[in-house]
Amino acid sequence: MPDFSLVENPDAMVARLSGHDRIGLDTEFVRERTFYAELCLVQIATAGGIFCVDPLALDEASAFWEHLLGRGWIAHSARQDIEVVYQTADRMPEALFDTQVAAGLAGYAPQLGYAGLVAALFDVELPKSHTRADWSQRPLPRALLEYAAEDVQYLLPAYESLCETLDKLGRLDWARQDSALLLDPALYDSHPDHAIRRVKGARNLRGRSRNAAARLAAWRERRAMRNNKPRRWILRDSVLVELAGRLPATEQDLKRIDGLPRKLAERDGRRLLAEIRQAGDDAVDYRPPTAPDGRQKSVLESLQAAVDGCAEDLGLPGEVIAPRRELSAAVISGICDSRVFQGWRKTLIGDRLLAML
């Protein structure tokens, strides 16, 4: 088990972070009962030791955030860690190096987990015995803290090893560029107008029903954000899709919707009916195209073959260069703003793909 210190006053970390421009970082949080994740623990690795910091008593204006966010972070599969810190502190770290991203570019399996990377680099097997723990409990048991400390124990050594490998391959800047993409605030801002994308089953709706589902999803998103409650606690996806599909016009119609909570119908029935009514009466298909037609399939296969050939030359899986879903989106929509047309990929293969398109 790693040696670590429990820091219950986060501002006490300021002195310990001094002189360390680069830190390993991981977080533990809970979100089962809230819309926004609640940050419960911040694990930090420096050259001087490992620290488990309790943020629950943290003042918003604390010096802790100022010093923590002013460092370059080494993290593994960092998207959720960045999200919860961004929601908590309303700021991004100064720089990020994601060891999962780096491992993929070094030739390891795409989306390799932290334990898998540690095993591959250091021949160490990490236990995964507390993946469903309640991190909001206080005091945190010693076993949980030890488990949390292990999640940062090997981050700095992994960084050094991956940097050495990637530098020899000429791909170190690729890893830095791809890691920096995770610091785009747009990835983490919840916009109600985009909530329909998360509704399971909505992609099968057409015309007015699709538009009604979009309005209902936006209403639910705003309510969940305002009350800080999970979306499913406001209205389950299956019920939302049922509402959009059947398009009830009266409060009596609402009572016939299977699974619609009675209290919700009584409290917000008029609002739901208004959203449905404003969906309009036209028969336009509001669904964005999700599958290529015959001609587009031919173009897509040509793009995929070019990507696969490039990836084979590099000894990488094709999805590391350009996931098929990104190629498909470019073919269907004609909008070429995904990663494959930017940064190092643009020079490597993106310009060629644009010419083919």
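From the list Leu303, Leu316, pick out the single residue that is assigned by TED's automatic domain parsing to the domain that holds Lys346, touching a residue at least 40 places away in the same chain (Cβ under 8 Å), under 30 Å from Leu357 (Cβ atoms) and outside any loop (DSSP other than H, G, I, E, B). One residue alone meets the criteria, Leu303. Pairing residues of region 219-244 that are outside the structural domain of Gln87 (by TED's automatic domain parsing) with residues that are loosely packed, with under 15 Cβ neighbours inside 10 Å and not β-branched (Val, Ile, Thr), at Cβ distances under 6 Å and at least 6 apart in sequence or on separate chains, gives Asp237/Lys200; Val239/Gly259; Val241/Gly201.
Picking from Asp151, Asp178, Asp173, Asp134, which residue would you name as being closer than 20 Å to Glu28 by Cα and in a helix (DSSP H, G or I)? Lay out the reasoning, then the answer.
Values: Asp178 fails: closer than 20 Å to Glu28 by Cα; Asp173 fails: closer than 20 Å to Glu28 by Cα; Asp134 fails: in a helix (DSSP H, G or I).
Going through Asp151, Asp178, Asp173, Asp134 in turn, just one is closer than 20 Å to Glu28 by Cα and in a helix (DSSP H, G or I): Asp151.
The strands (runs of 3 or more DSSP E) found entirely in region 1-69 that carry 1 or more residues being within 13 Å of Val85 (Cβ to Cβ) and touching a Cys at 6+ places or on another chain (Cβ under 8 Å) are 22-30, 38-46.
Of everything in region 137-148 that is in contact (Cβ under 8 Å) with a residue 12 or more places away in the chain and in a helix (DSSP H, G or I), the residue that is surrounded by the fewest Cβ atoms within 10 Å (Cβ to Cβ) is Ala143. Only one of the listed residues (Ser179, Ser209) is in contact (Cβ under 8 Å) with a residue 12 or more places away in the chain, of a type in the set (Ser, Thr, Tyr) and outside the structural domain of Ala265 (by TED's automatic domain parsing). That residue is Ser179. Within region 325-340, being in a helix (DSSP H, G or I), of a type in the set (D, E, K, R) and out of contact with any Leu (no Cβ under 8 Å at 6 or more places or on another chain) holds for Arg325, Glu326. Take the conditions closer than 20 Å to His20 by Cβ and not hydrophobic (A, V, I, L, M, F, W, C) and apply them to Arg176. Does it pass? Yes, satisfied. On the given criteria, is Arg295 at pLDDT 90 or above, surrounded by fewer than 14 Cβ atoms within 10 Å (Cβ to Cβ) and either among the basic types (Lys, Arg) or not in a helix (DSSP H, G or I) (or both)? It is false that Arg295 is at pLDDT 90 or above, surrounded by fewer than 14 Cβ atoms within 10 Å (Cβ to Cβ) and either among the basic types (Lys, Arg) or not in a helix (DSSP H, G or I) (or both).
Please work out if Ala279 is surrounded by fewer than 17 Cβ atoms within 10 Å (Cβ to Cβ), outside any helix (DSSP H, G or I), modelled with pLDDT under 95 and out of contact with any strand residue (DSSP E or B) (no Cβ under 6 Å at 6 or more places or on another chain).
Working: surrounded by fewer than 17 Cβ atoms within 10 Å (Cβ to Cβ): no; outside any helix (DSSP H, G or I): yes; modelled with pLDDT under 95: yes; out of contact with any strand residue (DSSP E or B) (no Cβ under 6 Å at 6 or more places or on another chain): yes.
For Ala279, the condition - surrounded by fewer than 17 Cβ atoms within 10 Å (Cβ to Cβ), outside any helix (DSSP H, G or I), modelled with pLDDT under 95 and out of contact with any strand residue (DSSP E or B) (no Cβ under 6 Å at 6 or more places or on another chain) - is not met.
Among the residues of region 70-86, those identified as in contact with a strand residue (DSSP E or B) (Cβ under 8 Å, 6 or more places away or on another chain) and part of a helix (DSSP H, G or I) are Gln80, Asp81, Ile82, Val84, Val85.
I want to confirm something. Restricting to region 60-98 and keeping residues that are touching a residue at least 60 places away in the same chain (Cβ under 8 Å) and of a type in the set (D, E, K, R), which single residue is farthest from Asn9 (Cα to Cα)? Spell out the reasoning first.
Step one: of region 60-98, the residues touching a residue at least 60 places away in the same chain (Cβ under 8 Å) are 74-76, 78-79, 82-83, 86-87, 92-93, 95-98.
Going one step further and asking which of them are of a type in the set (D, E, K, R), we end up with 79, 83, 98.
Working: Arg79: 26, Glu83: 23, Asp98: 27 Å.
In this case the residue turns out to be Asp98.
Applying the set (1) over 30 Å from Leu357 (Cα atoms); (2) within 27 Å of the chain's Cα centre (by Cα); (3) of a type outside the set (A, V, I, L, M, F, W, C) to Pro292 leaves exactly one unmet item: (1). Taken together, Ala45, Ala106, Ala102, Ala95 contain a single residue that is among the aliphatic types (A, V, I, L, M), crowded, with 21+ Cβ neighbours inside 10 Å and touching a Gly at 6+ places or on another chain (Cβ under 9 Å), which is Ala45.
The values are calculated or read from the model by the stated rules, or taken from the named source; none is laboratory data. Because the structure is predicted, anything quoted here is derived from the model rather than measured. Cβ sites come from the backbone with ideal geometry, for glycine too, and all protein chains shown count toward neighbours.
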